[in-house]
Amino acid sequence: MKIIVDAMGGDNAPQSTVEGSVLAARELGVEIVLVGQEKAILSCLEKVKSDDVAGKIEVVNAPEVIDMCDSPMSVTKEKKDSSLGVALRLLGEGKGDAMVSGGNTGAVLVGSTMYVKRIRGIRRAALAPILPTDKGGALLIDCGANVECTPEYLLQFAYMGSFYCQKQMKIASPRIGLINNGAEESKGTPMIKETYGLLKQAGEVGRLNFVGNIEGRDVPFGMADVILCDGFTGNVLLKTYEGVGLYFVGELKKIFFKNLGTKLAALLVKNGLGALKKKMDYKEVGGAPLLGICKPVIKAHGSSDPRAFKSAIRQAVQYAESGIIQAITENIEHMTVSAPGKN
């Protein structure tokens, strides 16, 4: 298995991306192609003492770097020779099995669409992170790649999310929940109501396990395995989720470190708190798959440290081995509602 890495993508690049890649080569046994400014990458490799995996790591020079503030289109225009652009072209040319980047999300989406291409018949690719719930985790699709959606986009997201949960998360019949401002079928915008009808129809013929509308407050309680929404709603939900989690962690720290009595209480629940922290830690998951692209692309968290980046590479390996893309390709006829060829 060969994983292509955008070594310059992310807040802590290239040190964290290189170190995480070395960990992946060492612990997962994968081959790594590090794409970026060669001199900087080699310096990082020397610092992390990577001689034991030198045969598994290849460096490809790419002189330019796409910053977080750059236009997403820069990956195909002003900065074609960026680490991200070169990495995606290598993936599109079959020089690797998957690609991982912690860089500019918009540029990852644009570059993947232009250089790697969408699965034939898929209208839009979607980002799909895992949210922790009391049932384990739920796939949120879309979390920001598509601010405005059509019912057909959402139908396709539902299918792609279902296949991902089946094959990657080992959920036999993933429950699809449509985010809405109420559980009733009559609630929502015209677009949401039309989407509801399409999902209900797919559920009646046994292609999807559609459980109906769900509200934002239902998400943490595991009311669905696939949380379906447009990218605007999904991004707001994701950022709120992250913010509330950080808030409660901070408040718990204040409570447990208030005095000697609370410190002793903290010791008694230390293991439970550790398990909760691990469950909420994005570093354990790695990143979000870009579903709908014809080869595996993983968007790692921009602030990934080496452990988080290694997790993203592990996720890319699992995605490449899962058969998700093949499942989407084989079922595309059930995922379209408009004229063939329309994009």
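The values are calculated or read from the model by the stated rules, or taken from the named source; none is laboratory data. Remember, predicted model here, so these are calculated numbers, not experimental data. Don't worry about glycine lacking a Cβ; one is built from the backbone with ideal geometry, like all the others, and counts go over all protein chains shown. Accessible surface areas use protein heavy atoms only, side chains included; no ligands, DNA or RNA. Shrake-Rupley method; radii C 1.70, N 1.55, O 1.52, S 1.80 Å.
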Using the structure shown, decide if Y164 is open to solvent by 20 Å² or more (accessible area, probe 1.4 Å), touching a Leu at 6+ places or on another chain (Cβ under 8 Å), among the aromatic types (F, W, Y) and not in a strand (DSSP E or B).
-> no
Answer yes or no as to whether I122 is open to solvent by less than 20 Å² (accessible area, probe 1.4 Å) and either assigned to a helix (DSSP H, G or I) or over 30 Å from E242 (Cα atoms) (or both).
-> no
Yes or no: C294 under 26 Å from Q326 (Cα atoms), modelled with pLDDT of 80 or more and in contact with a Cys (Cβ under 9 Å, 6 or more places away or on another chain)?
-> no
List the pairs whose first member sits in region 1-24 and is at positive phi, whose second member is buried (at least 24 other Cβ atoms within 10 Å of the Cβ) and not in a helix (DSSP H, G or I), and whose Cβ atoms are under 7 Å apart, counting only residues at least 6 apart or on separate chains?
-> G10/G102; G10/G103; G10/A300; G10/S304
Restricting attention to region 129-157, report how many residues are touching a helix residue (DSSP H, G or I) at 6+ places or on another chain (Cβ under 6 Å), within 22 Å of F221 (Cα to Cα) and either surrounded by 24 or more Cβ atoms within 10 Å (Cβ to Cβ) or at pLDDT 95 or above (or both).
-> 5
Checking A87 against (1) open to solvent by 10 Å² or more (accessible area, probe 1.4 Å); (2) under 24 Å from K117 (Cα atoms), which test does it fail?
-> (1)
How many of the residues making up region 60-80 are aliphatic (A, V, I, L, M) and open to solvent by 80 Å² or more (accessible area, probe 1.4 Å)?
-> 1
If we keep just the residues of region 262-287 that are closer than 21 Å to L34 by Cβ and open to solvent by 10 Å² or more (accessible area, probe 1.4 Å), which is modelled with the highest pLDDT?
-> G287
Residues of region 145-185 that turn out to be under 19 Å from L237 (Cβ atoms) and among the aromatic types (F, W, Y), as a count | 3
Pairs, first under 11 Å from D142 (Cβ atoms) in region 230-244, second open to solvent by 50 Å² or more (accessible area, probe 1.4 Å) and in a helix (DSSP H, G or I), C-beta under 7 Å, six or more apart = none
Right, Y196: among the aromatic types (F, W, Y) and closer than 24 Å to Q315 by Cβ or not?
-> no
Does region 47-97 hold any residues that are modelled with pLDDT of 95 or more, of a type outside the set (A, V, I, L, M, F, W, C) and touching a Leu at 6+ places or on another chain (Cβ under 8 Å), and which are they?
-> E58, G96
From V219, V226, residue being crowded, with 19+ Cβ neighbours inside 10 Å, in contact (Cβ under 8 Å) with a residue 12 or more places away in the chain and in contact with a helix residue (DSSP H, G or I) (Cβ under 6 Å, 6 or more places away or on another chain) = V226
Tell me which residues, restricted to region 295-312, are within 16 Å of P14 (Cα to Cα) and in a helix (DSSP H, G or I).
-> P306, R307, A308, F309, K310, A312
Would you pick out the residues in region 167-200 that are in contact (Cβ under 8 Å) with a residue 40 or more places away in the chain and either within 18 Å of I328 (Cα to Cα) or open to solvent by less than 20 Å² (accessible area, probe 1.4 Å) (or both)?
-> K167, Q168, M169, I171, P174, R175, I176, G177, L178, T195, L198, L199
Of all the residues that make up region 65-104, how many are in a helix (DSSP H, G or I) and of a type in the set (A, V, I, L, M)?
-> 8
Looking only at region 19-30, decide whether some residue is outside any strand (DSSP E or B) and touching a Cys at 6+ places or on another chain (Cβ under 8 Å).
-> yes
Residue identified as closer than 22 Å to E19 by Cβ and modelled with pLDDT of 95 or more among V100, V116 | V100
Just checking, how many residues over region 31-47 are farther than 15 Å from S82 by Cβ and in a helix (DSSP H, G or I)?
-> 7
Any chance region 36-59 includes a residue that's open to solvent by less than 10 Å² (accessible area, probe 1.4 Å), closer than 17 Å to V317 by Cα, touching a residue at least 40 places away in the same chain (Cβ under 8 Å) and touching a Gly at 6+ places or on another chain (Cβ under 9 Å)?
-> no
